[in-house]
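The values are calculated or read from the model by the stated rules, or taken from the named source; none is laboratory data. Since this is a predicted model, take the numbers as computed values, not measurements. Glycine gets a Cβ as well: all are built from the backbone with ideal geometry, and neighbour counts include every protein chain shown.
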Amino acid sequence: MARPPRFDPALAKQRLRQQREAHSAPGAHPARAVDGPRTSTDHLVLDPAEIVLEGSYVRRHVDEEELDSLRKSIVAGGEVKQAIGVRQEGTPLEPRYILVYGMRRWLASKAAGLSRIPVRNHGRISVSESLSLQVTENEARVDPHPVDTAVSYQLLVTEGGLSQAEIARIAGRSPAHVSYMRAVGEAILELDEEERDALCRSRDATVPRFQKIAPLRSIEDRVAALRELFEETAASTPGQPRARPSFQAALDRRSGAWSVKLSYRDEDLVRDPEIASKLELFLEGQLARLREKIRPPAASDAPRRPVVWEIDSPT
């Protein structure tokens, strides 16, 4: 069976450019006039409800004010001017269209109540091609969010199977930029959705700050540094949601050193007994591990030294 042609990032960028020009021209697509079956296998007009978001997608956080502004613009104009990218799964008779790029336009068009939007169908493309198109689209934005960039580079390696040199060629960036952003992206993917949203909202989530975090040797250290970023923002911004309590223990396999990090507030324990129970179990587990390592032999009568937890109160 013949192998599919290799993904060409330069050609993908050229197609995206041509697509924007075509859909920016007046009357380029009669989005409101089309009804019934679609005849093209490349450019379609679909109901936004026919498109689903699943699998690997880089941009998970969308600013609500930004989204509402785009919705109002769509309502005023009555259409989406730039096509949304999808890939196809399923059978020819029952196709499924999965979002590749254009999440903001897709969400805003749904919120605006549109029943038809322009879509570029990229067909049955691979995960690598889908992620590469997302990176191309993201890099074409005026101010791509550093979180989206970092996550996209890491996903291209882990799920797309690309090398850092290939990613640099696709994104039009230096290999060094890809390397340190990817290191941060690996840590970002360890955060839960709430923490990732908080990081996206943080004014300290910038490329220069990510450059300082990237050299940290362990992923646990990088995750901790990212949490400090949005915790700093939350502490200095009234009404900003606090970071969730976290209890972590990790072993650095190179140095053999254990690191234990606790992040919580007393009011968290009072408000949620489940969190208090988890903390208690965590501490008991760590004490049991320590006692197993430092317990003297049974034949020895040497007294066992108690383990004392030192707690630093936040200032």
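Would you confirm whether or not segment 161-168 contains a residue that is in contact with a Gly (Cβ under 6 Å, 6 or more places away or on another chain) and under 14 Å from Ser56 (Cα atoms)? Before you say what the answer is, go through the steps one by one.
Quick first cut of segment 161-168, residues in contact with a Gly (Cβ under 6 Å, 6 or more places away or on another chain) only: none.
No, every residue in segment 161-168 fails to be in contact with a Gly (Cβ under 6 Å, 6 or more places away or on another chain) and under 14 Å from Ser56 (Cα atoms).
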**Request:** Search segment 207-250 for residues being at pLDDT below 90 and of a type in the set (Ser, Thr, Tyr), and hand back the single one that is surrounded by the most Cβ atoms within 10 Å (Cβ to Cβ).
**Result:** Thr233
**Request:** Hey, can you tell me all the residues within segment 104-136 that are of a type in the set (A, V, I, L, M, F, W, C) and under 23 Å from the mean Cα position of the chain (by Cα)?
**Result:** Trp106, Leu107, Ala108, Ala111, Ile125, Val127, Leu131, Leu133, Val135
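Would you check if Ser179 is among the hydroxyl-bearing types (Ser, Thr, Tyr), outside any loop (DSSP other than H, G, I, E, B) and surrounded by 17 or more Cβ atoms within 10 Å (Cβ to Cβ)?
Values: among the hydroxyl-bearing types (Ser, Thr, Tyr): yes; outside any loop (DSSP other than H, G, I, E, B): yes; surrounded by 17 or more Cβ atoms within 10 Å (Cβ to Cβ): no.
Judged against the criteria, Ser179 is not a match.
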**Request:** Would you mind telling me which numbered condition in (1) surrounded by 23 or more Cβ atoms within 10 Å (Cβ to Cβ); (2) without any contact (Cβ under 8 Å) to a residue 12 or more places away in the chain; (3) not β-branched (Val, Ile, Thr) Leu156 fails?
**Result:** (2)
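Answer yes or no as to whether Leu229 is without any contact (Cβ under 8 Å) to a residue 40 or more places away in the chain, in a helix (DSSP H, G or I) and hydrophobic (A, V, I, L, M, F, W, C). Walk me through how you get there before you give the answer.
Numbers: without any contact (Cβ under 8 Å) to a residue 40 or more places away in the chain: yes; in a helix (DSSP H, G or I): yes; hydrophobic (A, V, I, L, M, F, W, C): yes.
Considered against the rule, which asks whether it is without any contact (Cβ under 8 Å) to a residue 40 or more places away in the chain, in a helix (DSSP H, G or I) and hydrophobic (A, V, I, L, M, F, W, C), Leu229 comes out as yes.
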**Breaking point among (1) in contact with a Lys or Arg (Cβ under 9 Å, 6 or more places away or on another chain); (2) on the phi < 0 side of the Ramachandran plot, for Gly123** = (2)
**Message:** Looking at the structure I just gave you, is Ser202 modelled with pLDDT under 75 and out of contact with any Lys or Arg (no Cβ under 6 Å at 6 or more places or on another chain)?
**Reply:** no
